[in-house]
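The values are calculated or read from the model by the stated rules, or taken from the named source; none is laboratory data. No experiment lies behind these values; they were computed from the predicted model shown. Protein only, heavy atoms only, side chains kept; ligands, DNA and RNA dropped before computing areas. Shrake-Rupley method; radii C 1.70, N 1.55, O 1.52, S 1.80 Å.
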Amino acid sequence: MSAMTGVGKGVKWLSNINLTPSFILLAVFILFGSTGFAFSTYIGDLGASRRQWSSAPCPSR
């Protein structure tokens with residue numbers, strides 16, 4: 001097993017520090033954002049896209 005260099009430790013340290021604001025931002029979006037609207041729009045558009053693809057004619061070979 002290789003030892004971690006100073007640069008590797010620094011990158012790991014910065015990565016761990018960046019996780020905290022990411023989780024805080026995600027929590028703020030979930031609590032105060034329009035997640036209901038985002039999910040309902042996603043599900044509705046997914047269904048519409050699926051209906052469009054299933055009704056499309058198959059190309060002849």
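Within the range 21-37, the set of residues being at pLDDT 90 or above and open to solvent by 80 Å² or more (accessible area, probe 1.4 Å) comprises 23, 24. Every residue in the range 38-59 that is open to solvent by 100 Å² or more (accessible area, probe 1.4 Å) and not in a loop (DSSP other than H, G, I, E, B), please. Those that are open to solvent by 100 Å² or more (accessible area, probe 1.4 Å) and not in a loop (DSSP other than H, G, I, E, B): 39, 42, 43, 50, 51, 52, 53.
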